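Worksheet for the structure shown next.
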Amino acid sequence: SAVAAWLRVCPDHFDILHPYFRRICYVLMDTDEWGQIDILTALLRYSRAMFADPDAQVKAGREEWNDQQEDADS
């Protein structure tokens, strides 16, 4: 599988994987179990690197609120 080779050779070069992301998602169901493991590993790495953290805004807002509370208490 091309995804397995990508994982072994250059797992941090997401620019290679980027144009084929949706196609890989569609092919996931048609591959065997071992191929699915490689594809899921690649998609997980890609997603963690390329998509924004949905909790980042919540964490930033919570920290800002805590800072405001500390300022009000002093």
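The values are calculated or read from the model by the stated rules, or taken from the named source; none is laboratory data. Note that the coordinates shown come from a computational prediction; the quantities given were computed from them, not determined experimentally. No Cβ is skipped: glycine too gets one built from the backbone with ideal geometry, and neighbour counts run over all protein chains shown. Side chains included, ligands, DNA and RNA excluded: accessible areas come from the protein's heavy atoms. Shrake-Rupley method; radii C 1.70, N 1.55, O 1.52, S 1.80 Å.
Enumerate the pairs (first residue in the stretch 18-35 and under 10 Å from residue 46 (Cβ atoms); second residue anywhere and open to solvent by less than 100 Å² (accessible area, probe 1.4 Å)) with beta-carbon separation below 7 Å, excluding pairs fewer than 6 apart on the same chain, so at least 6 apart or on different chains.
Taking only residues 6 or more apart or on different chains, the pairs are 21/46; 24/3; 24/39; 24/43.
Restricting to the stretch 1-12, give me the number of residues that are open to solvent by less than 90 Å² (accessible area, probe 1.4 Å) and either over 15 Å from the mean Cα position of the chain (by Cα) or of a type in the set (Ser, Thr, Tyr) (or both). Give the derivation first.
If we filter the stretch 1-12 for residues that are open to solvent by less than 90 Å² (accessible area, probe 1.4 Å), which is where we start, we get 2-7, 10-11.
Subsequent filtering for residues that are either over 15 Å from the mean Cα position of the chain (by Cα) or of a type in the set (Ser, Thr, Tyr) (or both) retains 2-6, 10.
The number of residues fulfilling the criteria is 6.
Condition first: among the basic types (Lys, Arg) and modelled with pLDDT under 85. Can you find one or more residues in the stretch 14-34 that meet it? It would help to see each step written out before you state the result.
Step one: list which residues in the stretch 14-34 are among the basic types (Lys, Arg), which gives 22-23.
If we keep only those that are modelled with pLDDT under 85 as well, we get none.
No.
List every residue pair whose Cβ atoms lie under 9 Å apart, where the two residues are 6 or more positions apart in sequence or sit on different chains, the first residue falls within the stretch 44-56 and is on the phi < 0 side of the Ramachandran plot, and the second residue, located anywhere, is part of a loop (DSSP other than H, G, I, E, B) and open to solvent by 60 Å² or more (accessible area, probe 1.4 Å).
Matching pairs, first to second residue: 45/12; 49/12.
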